[in-house]
Structures are given as structure tokens and as C-alpha cells.
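Trainee: I'd like to ask you about the structure that follows.
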Amino acid sequence: MCGIVAYTGPRDVAPVLLDALRRLEYRGYDSAGLAVLQTEESAPSLTIVRAVGKLDNLAQAISASDLPGQTGIGHTRWATHGRPSEANAHPHRSGPLAIVHNGIIENHLELKQALRAEGVEFQSDTDTEIVAHLLHKHLSPHGPREDALREALRRTLREIRGAYALAVVCEQAPDFVLLAKNSSPLVLGIGRGETLATSDIPALLSYTRDVVFLEDGELAELRPSGVHIETLDGTLVQRRSRRIDWSPVQAEKGGYKHFMLKEIFEQPRAIEDTLRGRLDLESGSLVLNELGLDAETARGISRICFIACGTSYHASLLGRHYVEKYARIPAQTELGSEVRYRDPVFTKGDLVIAVSQSGETLDTLAALEEAKRHGARTIALTNVLESAIARAADSALYTHAGPEIGVASTKAFTTQLVAMLMLSLELGRLRGTLPAPELLALLHALLEAPGSLRTTLEAHEAVLSVARKWHQSQNFLFLGRGLEFPIALEGALKLKEISYAHAEGYAAGEMKHGPIALIDEKMPVIVLIPDDRTYEKTFSNLEEVRARDGRVIAVATEGDERVKGVADDVLYIPKVHEAIAPLITTIPLQLLAYYVADLRGTDVDQPRNLAKTVTVE
Ligand code: F6R
């Protein structure tokens, strides 16, 4: 996830771009840059300034250069292809034009090869630079520049696949910015004698409150006099602007009250980004080239060991299920803070997967290094490119969830589950343990997951009314079996860390071995009971709770009247493939934790005593 901005109008553009980028910095912050179209000379020229690290570094670099000009584009980067460096920072230039991009170009490898064969030299490791060169290649030297640029962009967009919000400036087209959108957000701002485009509303509110949202498959043009929108095939789009009344703080959170809530609702998009370019339905396989796995390596793995902490540990418990079921490899899950002090046994046949949102958790990193010392093959499964864990491991599988600001992990968890499932399926395919039709069904199930998540999120009001009913309870018990047991643990962790209520997650079958003594009419018991192979057994546990006057909040599959007949409240989820169900049952639990905490008035995004990145032992 990156942030982009474009401006044309009467103002000095560099300070405008920098101000907007500051408000977009939450979307990415490992490098930044801008391109200004200088028109003071007789022939307009582009100047590009880029810097690694926080925006202050870019601000310093700008103050050292003279940047007069009223049209320009800017970018704050959150690396997905190519490590954070000045060469990989945007804007990227080719000939007379420069571009900024937020998104991922899926077919960048083949396009790069083709361009190289034509003699194009690349300055960066990014997927974005390909777009700049394609645009340049298609830019006809004839006719009005704006028309030529628009046509070149159309041809380029027909060749690229993936997600993009793009902004283009060209030396031969002063006071003009060309934009395109597919999957990545882009909003246009219409001021008096000036126009802007940014990745998010907060970045343009200092200049105008009148905005137009660009839709997928549309191109837009910014001129000081106004915006022009059309579809890829040239049909004019007439869309009324909307007035935004948000306060600046509200705006930064995209209108949500807290970052955590925004991140919960971002999950369908985040999962689309995790999947992007990685499912090949035609060949019935997964594209995980970054891991360098082949059939021989996959068959040589004697054990898989996940190492993680906190929420990432809960995801890893599910990872074990996926690996055992689909790749038929013995698997285990270890807490980073425990395994390293246990004199653990790692061998050369082990594949150790360190799972960490931040990629910086010290206990996970130290355990990974210990495994490496013993000759294990290692993979980092992380959200942050070039993080310490990513650098320490032999290879990295990135989740591409975008920066997670709320301390309580949400979208990082569900995207980790998706990455683990993809990895397990690919291992199963390579080892021949997963029949092709079953694999294909699972690939389709993965593709449908974002849609099912959206449907589940639409039912958020139902979760809010359950939270209103129970938010003052002091104790909560979460029960789940099989794939739902880790989700029960995660639901309890989410609730306790942000609401400060006591919550425990338990394997449903273990309840009778102790926690059943806690059950009374005051304690809500959240029972995860989707329509899966353990349904009947979990139903018996649910009845055991009811028989002791326990209060049941069930998370069940749409249409389950049987559960409705015995539970106090039911939160329904759509029917999905068994492997996907844990992703979906997570949603009502995240929402429940959020609403309970908010109703209790806690500091949801920064709960007491916690830190987002734990670099202490
Ligand atoms: C809980 C939470 C923590 C982290 C844990 C590991 O919501 O965020 O439990 O999951 O500190 O962090 P990472 O995944 O960055 O290694």
C-alpha cells in the first residue's frame, strides 16, 4: 500500500505535494518522492526528487533544490517489489514522462522481459518502472500531447494486469495530469482554479472539500479548470462531486472512528492483495516463485515448524492444520519466546516458517536464527518488506496487507491465514498429496473469500447489538474445535487486549476438563460452530453450556435454525469452503472485540501497556 498525490493549479506545487504526502504517510513510509513540471524555462522540464526513509528526508532534499512549478505528482512508498532505496522510490521516469503508482502489476516479469529484449534499460527493481517505459514506448510523437498521452495510457493499460492508481505527468503537456484506476483507491479534489488527486480524502481536505471518487476502469485528467473522466474505451463519465464534512482526524481514518475498525473493514481488499498474481487457475497451481520451491525440495521436507508470537501464533496454529491436511507433512507450531529456551531439535530436513506481521518481533527472530544455525531451511511469512525477519530467512512470503496502524492485529491475521493456505496447497501439489480437482476447488474458494468477507462485514449491526447486550460482562469464554480452535484463541486475545475484560479461548472438547466450572448465567460463551465436520460435537458442547444456564453467543452458518433454537444470540456467516471458514468466523469476533471495547470507552487503537512492534524479550 502506498500513497499518491497529483496537483495542478496556481500554487507552488512542491509544498502542496509534501503536505498531502504527510497525510498519506500512514499508507507507507519507507521512501518518498515527487516530480515537478518546471515551466519557467522556454521548454518545460521535469525535476524528480526522491529520498529513502521518512518524509522529513524528502523535505530536506527538496529544500536543497530549487523547484518552481505548479504541476506535479508525489508518492510515499510501502515497498512491495524491490527493497526501500532511492532507485526504487517513485516517481519513475521514462523519456519526457514520470509516473507514480499505488498497487501491484501482476504480469510485471513477462513485460519486463519483453521490454529488455527491445533494449530498455531498467533503473529500479520495481514493477512500476515497466508502466513508465510502456507509456513512453506508446507515446506517439504526433498530434496534441494530451491526446497522445491519453492514447499511450490506454494502450499501456490494456497490456498490464493488476492493481493500480496511476498519475502521469509529461514535459510536453504542462498544467495536465493523467490518472487511471483499477482496484487501488483514487479520489479527485475540485478546487477553485486548481485540481488534485490523492489516494485518500484527508490528503486533499486542506485545498477543497468537493471530491469525486474515480471508479475502476476509468481514466481522469486534471487541469486547473477542472477534471475530465472517461472510461478506458473513451465513454465520457459525468459524476457529481460530493462535499466532505469530516474533521481532519476522522478523515485520516477514512471516516472510521478508529484505525482498528478501518482495518477490519479493509480485509477483503487486503486479502485480494495477498492473492493477487498468485493463483493460476489455468494450470491449477500457485505462483510463489519467491520461495524457490520445486517438487524435489517439497518432497525433501520432513517437518514444518511455525514459529510466532501473539496473533501470528494463532494464525500459525491454523497453518499447522493446513500443512498436515493438504501437504501431509508433520507440522508443529511454537511460541518464539518458548522454543528458543527449550534446547529445541532442528534438523536439515526441517522447514521453519517464522510468522510475523511486523517482521521485527525479537523472540520470533531469535528462534528463527537458532533454527538456521541447525541447518533448517527458513521462510519469513511477514507483512513488511525487508524487515529483520525477512532479511534473516532464506526467502520471504509477503502478505501485502498494507500498514497496520491499530495495535490489535486484524488484517495481518487473515492475510497470514491466506498466505499459509496458499503455501500448504502448493506444497501439496508439488508432493502429489493433493488431487488436482480438490486443489482447483480450493483455489476457487480462495478467490471467493474476499466476497464472503464483504458479506460478513455487511452484518456488522448485528454484532453491535450483541456487544450492546454483553459489553459490561467481566468474563468471556470462547470455544472452537478443529480449525475454529485457533479462532477461539484469537477472539479471546482480541477482546482482552482492547476491552480489558477477561477472556479465555478454549478447545470446545476441553471445556469439560475444567472451564465448565466457570459457567453461570452471567458469563457469555462464544461458540464457533460453522457447518463443518466437527459441527455435531461442537453442538453437544453448546448444549452442555446451556444445560448449566450459560449464555451462548453462537457464530453459525446462515440458515442454521438448530443453533438459533438454543443460543441466546446467533451471528451468521455465509456458507464457505471448510478451509476458508476460519477467515470468516474471525470477522464477527474482531467486530465484537471492537464494539465491546468502544462501548467500554477504552483507547482502542493504543490499548494500555501494549506496543505494535515488540523488540524486547
Ligand atoms: C495482538 C497483536 C500481538 C502480535 C504479536 C506478534 O493483536 O498484535 O499479539 O500479534 O506481538 O507481532 P508480529 O506479528 O509483528 O510478530
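Trainee: May I ask you to list the residues in the stretch 444-501 that are among the acidic types (Asp, Glu), without any contact (Cβ under 8 Å) to a residue 60 or more places away in the chain and either within 16 Å of the ligand (Cβ to nearest atom) or within 26 Å of ALA419 (Cα to Cα) (or both)?
Mentor: Start the filter on the stretch 444-501 by keeping residues that are among the acidic types (Asp, Glu), which leaves 448, 458, 461, 484, 490, 497.
Add one more test, that the residue is without any contact (Cβ under 8 Å) to a residue 60 or more places away in the chain, and what stays is 458, 461.
The one that is among the acidic types (Asp, Glu), without any contact (Cβ under 8 Å) to a residue 60 or more places away in the chain and either within 16 Å of the ligand (Cβ to nearest atom) or within 26 Å of ALA419 (Cα to Cα) (or both): GLU458.
Trainee: Collect the residues in the stretch 97-153 that are of a type in the set (Lys, Arg) and either in contact with a strand residue (DSSP E or B) (Cβ under 7 Å, 6 or more places away or on another chain) or within 20 Å of ALA32 (Cβ to Cβ) (or both), keeping them in residue-number order. First the steps, then the outcome.
Mentor: So in the stretch 97-153, the residues of a type in the set (Lys, Arg) come out as 112, 116, 137, 145, 150.
Within the stretch 97-153, ARG145, ARG150 meet the criteria.
Trainee: Restricting to the stretch 392-414, give me the number of residues that are within 11 Å of the ligand (Cβ to nearest atom) and either polar (S, T, N, Q) or farther than 30 Å from TYR256 by Cβ (or both).
Mentor: 3
Trainee: Something else now. Return only the number of the condition from (1) assigned to a helix (DSSP H, G or I); (2) hydrophobic (A, V, I, L, M, F, W, C); (3) out of contact with any Pro (no Cβ under 8 Å at 6 or more places or on another chain) that ALA401 does not satisfy.
Mentor: Just one mismatch for ALA401, condition (1).
Trainee: Would you check which residues across the stretch 480-501 are in contact with a Leu (Cβ under 7 Å, 6 or more places away or on another chain) and not in a helix (DSSP H, G or I) and list them?
Mentor: GLY480, ALA501
Trainee: On to the next question. What number of residues within the stretch 198-238 are in contact with a helix residue (DSSP H, G or I) (Cβ under 8 Å, 6 or more places away or on another chain) and either closer than 18 Å to ASP12 by Cβ or of a type in the set (S, T, N, Q) (or both)?
Mentor: 6
Trainee: I want to confirm something. Restricting to the stretch 358-378 and keeping residues that are within 10 Å of the ligand (Cβ to nearest atom) and either part of a helix (DSSP H, G or I) or at pLDDT 95 or above (or both), which single residue is surrounded by the fewest Cβ atoms within 10 Å (Cβ to Cβ)?
Mentor: LEU362
Trainee: Another question, if that's okay. Only one residue in ALA51, ALA59, ALA64 is of a type in the set (Gly, Ala, Ser) and in contact with a Ser or Thr (Cβ under 9 Å, 6 or more places away or on another chain). Which one?
Mentor: Among ALA51, ALA59, ALA64, only ALA51 is of a type in the set (Gly, Ala, Ser) and in contact with a Ser or Thr (Cβ under 9 Å, 6 or more places away or on another chain).
Trainee: What number of residues in the stretch 337-353 are within 19 Å of LEU423 (Cβ to Cβ), out of contact with any Phe, Trp or Tyr (no Cβ under 8 Å at 6 or more places or on another chain) and not in a loop (DSSP other than H, G, I, E, B)?
Mentor: 2
Trainee: What pairs come up if the first residue lies in the stretch 263-276 and is not assigned by TED's automatic domain parsing to the domain that holds ALA401, the second is surrounded by fewer than 24 Cβ atoms within 10 Å (Cβ to Cβ) and at pLDDT 95 or above, and their beta carbons are under 6 Å apart, counting only those six or more places apart or on different chains?
Mentor: none
Trainee: Quick check on the stretch 379-391. Is at least one of its residues more than 14 Å from the ligand (Cβ to nearest atom), farther than 23 Å from TYR29 by Cα, crowded, with 21+ Cβ neighbours inside 10 Å and of a type outside the set (Ser, Thr, Tyr)?
Mentor: Looking through the stretch 379-391, at least one residue is more than 14 Å from the ligand (Cβ to nearest atom), farther than 23 Å from TYR29 by Cα, crowded, with 21+ Cβ neighbours inside 10 Å and of a type outside the set (Ser, Thr, Tyr).
Trainee: If a residue has to be within 16 Å of the ligand (Cβ to nearest atom) and closer than 21 Å to ALA376 by Cα to count, how many in the stretch 306-328 make the cut? Let's see the steps before the verdict.
Mentor: Residues of the stretch 306-328 within 16 Å of the ligand (Cβ to nearest atom): 306-319.
With closer than 21 Å to ALA376 by Cα added as a condition, the list becomes 306-309, 312-313, 316-317, 319.
Residues flagged as within 16 Å of the ligand (Cβ to nearest atom) and closer than 21 Å to ALA376 by Cα within the stretch 306-328 amount to 9.
Trainee: Let me ask another. Tell me which residues, restricted to the stretch 164-191, are surrounded by fewer than 22 Cβ atoms within 10 Å (Cβ to Cβ) and assigned to a strand (DSSP E or B).
Mentor: ASN182, SER183, VAL187, ILE190
Trainee: Looking only at the stretch 221-233, how many residues end up being without any contact (Cβ under 8 Å) to a residue 60 or more places away in the chain and over 31 Å from the mean Cα position of the chain (by Cα)? Steps first, please.
Mentor: Let us first name the residues in the stretch 221-233 that are without any contact (Cβ under 8 Å) to a residue 60 or more places away in the chain, namely 225-231, 233.
Next, only the ones that are over 31 Å from the mean Cα position of the chain (by Cα) stay: 225-226.
Here the count works out to 2.
The values are calculated or read from the model by the stated rules, or taken from the named source; none is laboratory data. Computed from a predicted structure; not experimentally measured. Here Cβ is always computed from backbone atoms with ideal geometry, including for glycine, and neighbour counts include all displayed protein chains.
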